[in-house]
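Scroll down for the structure; my scribbles are underneath it.
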Amino acid sequence: MLNVSTALGLVLAGLARTRTFRGPRGLIVATGYRWRLPAAGAFTVGNVVIFRADADAALASRLLLGHEERHSTQYAWCLGLPFLLFYFAAAAWSAARYGDPASGNPFERHAGLEAGGYVDRRHRHDRRNRHE
């Protein structure tokens, strides 16, 4: 709460008219997100995990919830909102290098690519470059 990222997450969840409730391990879960951006099935702002899915589906997807929980820890490591700058810079570098925002993004890699629904394109990219 001290670094305002969770407050921002709550404001966003409220503006998007999501349903919020206490989740596991101090998370706040917001469900029913309908805005177009970001296009992800779930994303995290501070300790608020925002899902497109309903509450039952959000809590049932333990892998994705764990992935998003690791992002909430990353917010804390980065002292809150600076996480967004670091994350988007890493996503841009990954997109330029591997063609997607996750494969080379250390934040997504640490949170678990598969758990977040991502495919690791680094190996395919590296194999292709060795043959050129």
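Using only side-chain charges placed at the Cβ, +1 for Lys and Arg and -1 for Asp and Glu, the dipole size of the chain relative to its Cα centre rounds to 160 debye. Label zone (R34, point 7 Å along Cα-to-C-beta; backbone nitrogen cut-off 19 Å) within the stretch 1-26: 11-21. With each label modelled as a point 7 angstrom along the Cα→C-beta vector, the L84-A96 pair spans 2.2 nm. As a rough footprinting exposure proxy, the listed residues H110, H123 were ranked by other beta carbons within 10 Å of their own, and the order from fewest upward is H123, H110. Couplings 3J(HN,Hα) for the stretch 96-106, derived from phi with the Karplus relation 6.51 cos²θ - 1.76 cosθ + 1.60 (θ = phi - 60°), are 5, 7, 10, x, 8, x, 10, 3, x, 8, x Hz, where x marks Gly and Pro.
Scanning residues 5 or more positions from N47 or on other chains, those with amide H under 5 Å from its amide H are T6, with H placed 1.01 Å from N in the peptide plane.
Only helices enter this figure: runs of n ≥ 4 DSSP H residues, each worth -39500 (n - 2.57), summed and divided by the residues of the chain, yield -15000 deg cm²/dmol at 222 nm to the nearest 500. Phi angles of the stretch 10-26 translate, via the Karplus equation with coefficients 6.51, -1.76, 1.60 and θ = phi - 60°, into HN-Hα couplings of 5, 4, 4, 4, x, 4, 7, 6, 7, 9, 10, 7, 6, x, x, 6, x Hz per residue; Gly and Pro are given as x.
Let me know the longest stretch in the chain that avoids all trypsin sites (Lys or Arg not before Pro) found in a DSSP loop with at most 11 other C-beta atoms within 10 Å. That would be 37-132. Return a whole-number percent for the relative contact order of the chain, with Cα pairs under 8 Å and 6 or more residues apart as the contact set. Result for the chain is 17 percent.
Among D120, D100, D56, what is the fewest-to-most ranking by other Cβ atoms within 10 Å?
D56, D120, D100
Where a number appears in this text, it was derived from the coordinates with a stated rule and is not lab data. Owing to the predicted nature of the structure, the values given are computational and were not obtained by experimental measurement. Note: ideal-geometry Cβ built from the backbone for every residue, glycine included; neighbour counts use all protein chains shown.
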